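The values are calculated or read from the model by the stated rules, or taken from the named source; none is laboratory data. Because the structure is predicted, anything quoted here is derived from the model rather than measured. Backbone-built Cβ (ideal geometry, glycine too); neighbour counts: all protein chains shown. Just the protein is used for accessible areas: all its heavy atoms, side chains included, with ligands, DNA and RNA removed. Shrake-Rupley method; radii C 1.70, N 1.55, O 1.52, S 1.80 Å.
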Amino acid sequence: MSESLDSRTKTLNFNVGVLGHVDSGKTSLARALSSTASTAAFDKNPQSRERGITLDLGFSSFTVDFPDHLQDSGEQQYDSLQFTLVDCPGHASLIRTIIGGAQIIDLMVLVVDVVKGVQTQTAECLLIGELTCPRMVVVLNKTDLLPPNKRQSAIEKMTKRLHKTLESTRFKDCPVIAVAAKPGGPEAPDTEEPQGVPQLIELLKKQTYLPKRDPKGALLMAVDHCFSIRGQGTVMTGTILQGSLAINDTVEIPVLKVTKKIKSVQMFRKPVSGAMQGDRVGVCVTQFDPKLLERGLVCTPGSLRTLHAAVVSVRKIGYFKGSLATRAKFHITVGHETVMARVTFFGLPPTDSKPAPSEPCSLEAAFTFDREYVYQDEYASSQRDGSSGPDLEQWALLEFERPVTCPALCLVIGSKLDSDIHANACRLAFQGCLLHGFEDKSYTETSLPSLQIYKTKHKEGQVERVTDDYSLIGRSLFKKETNLQLFVGLKVTLSTGESGVIEGGFGQSGKFKIRIPEGLRPETKQLFSSTSKKKGKSASKTNEEEPKADFKPISIHLHFKRYVFDPHKKMVQS
């Protein structure tokens, strides 16, 4: 394997995601930039051609001389740089595809229609970029639509506006360049030369860096296209997310539970003996129906897990305006899949709470089954006392509607993709990192009880009467049908300060006996006897004449914790 990698390290592959609002001209830009198009590039999909929008991830590439600024920065010597363009769809309902594409890009090109400016999906693409990508270039496209005499001032105005928008993001001060990728629009003849594209290529070269590429570890390849070639077999094209592959390796398609041997490997129509992390490849296998896999993951056999539920770290996306409520359903994009899941939010007890780490997969976000967590009705934005500060460390249990196959510690994005696509609102709700997966179908019985998430409960009742110095009868704490045996032995406190223990039921109406081990205070007994006497007085005097304080009943307070996933529903007091 090392031999095949060394023989082809002459070309460095650099993945550039082309994102932007529908109709901003992403595909025209990719076409103008590319010299070699792969099978999935440029709207080959008949539905795409019909509707004039990209419905799938398109891939194409072009090769340039290796940039000078990278010559001395790498251990390996390259002589050329291949840009692989990932043309992500801009159609609103296909945001899940963009997220799938964004996880494999080294640099993002955000395409903005210079006439329309930033639109809802542009903002969503920007957010996805922030979660998945270290660098960005903004391309102001369609400059040919601006009147020549106002063109320069309009470009400057839009550039200024974009820099203001990006000020609070990780892409602050990123370069902005103006082009006309397809002068005259999509219907215009191809005779007109694109404007500004050579300058854009130079800018892209300047923005490149040596991405971390590691051939070690289990193979993980994101497949985005699958087709058969007569007499040869089935080709799966995709990008290697981790590890490496070579001819004769056995790979698994985990979602189908099948393994196949690699017959041949190509990179943009050139045969190679192997490929590694970051490379864009076509892998040929035999006796496999391409209809079974349009998009998915291929891996080293046994290295991926199929999960029914998962614990993830969570951070709300600031632009999302809705609430993140427990028991609500979200579209969860994890690995290369998007699936509906029911979400339960939880955090650290108030005394242990600390701000969430900046990186969703940071080790500080480490989750452990040895700890207790507080159940949250919804994601607790900012500090619990209501002050504005960093969000607290928080997690969520995701229960998937269908099993998902994904790697450990992968990025998770929760969205509300069913909200109105025309509303001017961000649909990306939260981001996080997959920390623990449940593979057992019966996880609710086998694994969830060990997840110590509790709710705090408070019940309040009243003292009915004192029977002696050490015991009293209480009421209004339980319903008639409550099984009081569950509460025997639990501690209670009186509003007068004494502590007591529930001894059992009294009669059939939900009343109960309390023992006060230290005995009632004299002032409590005094208070009770004076209340009893006053109750016995004739009602000739009006209530107003009686001191109100005397009539205030003595209340009984019961505090306990109940663990959400405890099958026995036990109550626990600290």
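Here is how the numbers come out for the structure above:
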item: Residue selected from segment 504-532 under the condition assigned to a loop (DSSP other than H, G, I, E, B) and over 13 Å from Val466 (Cα atoms), by the criterion nearest to the chain's Cα centre (by Cα); result: Gly510
item: Sole residue being in contact (Cβ under 8 Å) with a residue 24 or more places away in the chain and closer than 30 Å to Thr306 by Cα, chosen from Gly510, Gly432; result: Gly432
item: Filtered residues of segment 278-305 (kept if open to solvent by 40 Å² or more (accessible area, probe 1.4 Å), out of contact with any Cys (no Cβ under 9 Å at 6 or more places or on another chain) and under 17 Å from Cys406 (Cβ atoms)); result: Thr300, Pro301, Gly302, Ser303
item: Residue that is least open to solvent (accessible area, probe 1.4 Å) [pool: residues in segment 206-238 that are of a type in the set (D, E, K, R) and within 30 Å of Cys174 (Cα to Cα)]; result: Asp224
item: Some residue of segment 149-172 being part of a strand (DSSP E or B), within 12 Å of Val114 (Cβ to Cβ) and of a type outside the set (Val, Ile, Thr); result: no
item: Single condition Leu110 does not satisfy, out of (1) open to solvent by 30 Å² or more (accessible area, probe 1.4 Å); (2) at pLDDT 90 or above; result: (1)
item: Subset of segment 485-504 [out of contact with any Ser or Thr (no Cβ under 9 Å at 6 or more places or on another chain) and open to solvent by less than 70 Å² (accessible area, probe 1.4 Å)]; result: Phe487, Val488, Gly489, Leu490, Val501, Ile502, Gly504
item: Members of segment 148-175 that are open to solvent by less than 50 Å² (accessible area, probe 1.4 Å), under 21 Å from Ile128 (Cβ atoms), in contact with a helix residue (DSSP H, G or I) (Cβ under 9 Å, 6 or more places away or on another chain) and at pLDDT 90 or above; result: Leu166, Phe171, Cys174, Pro175
item: Search result, residues across segment 306-325 that are surrounded by 17 or more Cβ atoms within 10 Å (Cβ to Cβ), assigned to a strand (DSSP E or B) and not small (Gly, Ala, Ser); result: Leu307, His308, Val311, Val312, Val314, Arg315, Lys316
item: Selection within segment 8-34 - in contact with a helix residue (DSSP H, G or I) (Cβ under 7 Å, 6 or more places away or on another chain) and in a helix (DSSP H, G or I); result: Ala32, Leu33
item: Any hit, segment 326-342, residues being in a loop (DSSP other than H, G, I, E, B), open to solvent by 40 Å² or more (accessible area, probe 1.4 Å), at pLDDT 85 or above and not acidic (Asp, Glu); result: yes
item: Close pairs (8 angstrom Cβ cut-off, 6 or more residues apart or separate chains): farther than 30 Å from Ile253 by Cα in segment 319-342, acidic (Asp, Glu) and open to solvent by 10 Å² or more (accessible area, probe 1.4 Å) anywhere; result: Ser323/Glu378; Leu324/Glu378; Ala325/Asp377; Ala325/Glu378; Thr326/Asp377; Thr326/Glu378
item: Residue count for segment 176-198, restricted to those that are in contact with a helix residue (DSSP H, G or I) (Cβ under 6 Å, 6 or more places away or on another chain) and without any contact (Cβ under 8 Å) to a residue 40 or more places away in the chain; result: 3
item: Test for Ala396: is it open to solvent by 60 Å² or more (accessible area, probe 1.4 Å), modelled with pLDDT of 60 or more, under 17 Å from Gly432 (Cβ atoms) and out of contact with any Pro (no Cβ under 9 Å at 6 or more places or on another chain); result: no
item: Residues of segment 240-255 that turn out to be open to solvent by less than 60 Å² (accessible area, probe 1.4 Å) and touching a helix residue (DSSP H, G or I) at 6+ places or on another chain (Cβ under 9 Å), as a count; result: 3
item: Single residue of segment 56-100 satisfying the filter (at pLDDT below 65 and open to solvent by 30 Å² or more (accessible area, probe 1.4 Å)) that is nearest to Lys206 (Cα to Cα); result: Ser73
item: Some residue of segment 198-214 being assigned to a loop (DSSP other than H, G, I, E, B), under 30 Å from Gln77 (Cα atoms), among the basic types (Lys, Arg) and out of contact with any Asp or Glu (no Cβ under 8 Å at 6 or more places or on another chain); result: yes
item: Residue pairs meeting the criteria (Cβ under 6 Å; at least 6 apart or on separate chains; first outside any strand (DSSP E or B), in segment 488-503; second small (Gly, Ala, Ser)); result: Val488/Gly504; Ser495/Ser555
item: Residue in segment 412-427 that is more than 24 Å from Val314 (Cα to Cα), small (Gly, Ala, Ser) and at pLDDT 95 or above present; result: no
